[in-house]
Amino acid sequence: MSTTANTSSPRSGVRRVLHDNGLGIVFGVLFLLMLGGQAVSGHAYFNDQQISEGVEPVSLGHYLTSSSFAVDVVENWQSEYLQFFLYIFATVWLVQRGSSESKEVDDVGPESERDQRIGPYAGPGSPRWARTGDWRTVVFSRSLGLVMGGIFLLSWGAQSVAGWAAFNAEQLTSRQDPVTWPAYLGEPEFWNRTTQNWQSEMLAVGSMAVLGVYLRQRGSPESKPVGAAHADTGETG
Amino acid sequence: MFRSRVGVGTAVLAAAALLLAGCADLEQPEVERIASTFAAADPSARCAVLAPATVAAVEAARSESCVQAMAQLSLPEGAVVSSAVWGDQAQVQLVGDTVFLTRTSTGWKVTAAGCRSRGDAPYSCRLEGP
């Protein structure tokens, strides 16, 4: 019996880790699979362009280290992190009556220390930086938005550098002069890459906030309970 | 904390820019050597450093071999003024000429020569591929 217990215990431990972290694990795996799919399809598309421009196709490894692949990856990253950064900060001050994505319409703003359980109102399980009440609490109170905003700025900066390199390679292929990095930041290509991603993120966030008023997804915390009234705000099911 | 994160970000971007510049620097002597000797080379040597697509375009346009076409093409011989390498493409500015190159499995090859700038429009080239 003890042998059975010893062999089944680690298995149940692994199962528990998988169960308790399903969202992070599944989306992490899906991210890698999708990135692999982008690498394969992007490589094929890149080589189609190479051939039509009269230059040699490249290997997959060469493509994966190219500025062309890098800019295609990070231009989507920056817009996703911008979306979350804006949503995290906007939902402090903006509400949507009836939406599960919004807090109660009278709770606009950063709310009180009691509501946020910080400083003297921190509980025994509160993070240490929520209890201190000094600069650490100020920083920790905004850490999610700051990190999302930081990753957005980093990935947007990376897009500008990788996009600049890819743009200049394309310029030389079509026998035009390369441009400086500041000049690239004024190129329509940079802003077209940027805004085509931004507009889709704003559409997705806005429609999620509004559709959540009238539509339900049973069992999802992104939705109100199925039987909740349309006017109920901030409930999750 | 935020300031240090910005500092790290700036450092990452600076490193990426330096990496791009560094990789380009390694290739510049080779593209400059090929571009600066192209005009003075004999016809068969020129054809040897032309990109395959450019050879095909020249032979198709003139209905003659690459060597025959190169024998009739005179290009200005000038010193290197500047060069730029981006990915697998390069441009070398010479006194009186601009040469474009591409990296192939057998090394850097000339895609266009005898080129003149037309501002924002593509260069006008006396020798070029597709």
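A few remarks follow.
- Net +/- balance of residues flanking A:VAL213 in space, Cβ distance below 12 Å, scoring K and R +1, D and E -1: 0
- Cα gyration tensor, region B:28-128 - rounded (a/c under 1.5), prolate or oblate: rounded
- Shielding by other protein chains, A:139-148, mean Cβ within 10 Å: 1
- Environment charge at B:GLY114 (Cβ cut-off 10 Å; Lys +1, Arg +1, Asp -1, Glu -1): 0
- Antiparallel DSSP beta bridges within region B:28-128, percent to nearest 5: 95 percent
- Calculated [θ] (222 nm, deg cm²/dmol) that DSSP helices of n ≥ 4 give over chain A, each run adding -39,500 (n - 2.57): -22000 deg cm²/dmol
- Shape call, region A:66-237: gyration tensor on alpha carbons, a/c limit 1.5: oblate
- Averaged over A:72-82, number of beta-carbon atoms from partner chains that fall within 10 Å: 0
- Net +/- balance of residues flanking B:PHE38 in space, Cβ distance below 12 Å, scoring K and R +1, D and E -1: -1
- Highest to lowest packing among B:76-88, A:109-121, scored as the average C-beta count within 10 Å: B:76-88, A:109-121
- Backbone geometry of region B:115-122 corresponds, through the Karplus equation with coefficients 6.51, -1.76 and 1.60 at θ = phi - 60°, to 3J(HN,Hα) couplings of 9, 10, 5, 10, x, 6, 6, x Hz, x marking Gly and Pro.
- Inter-chain shielding of A:175-182 (mean C-beta neighbours from other protein chains, 10 Å cut-off): 5
- The overall shape of the protein assembly as shown, judged from the alpha-carbon gyration tensor, is prolate: a/c is not under 1.5, and a/b is greater than b/c.
Coordinate-derived values only; no laboratory data. These numbers were taken from a predicted model, which means no experiment stands behind them. When we count neighbours, we look across all protein chains shown, and the Cβ atoms used for this are built from the backbone with ideal geometry, even at glycine.
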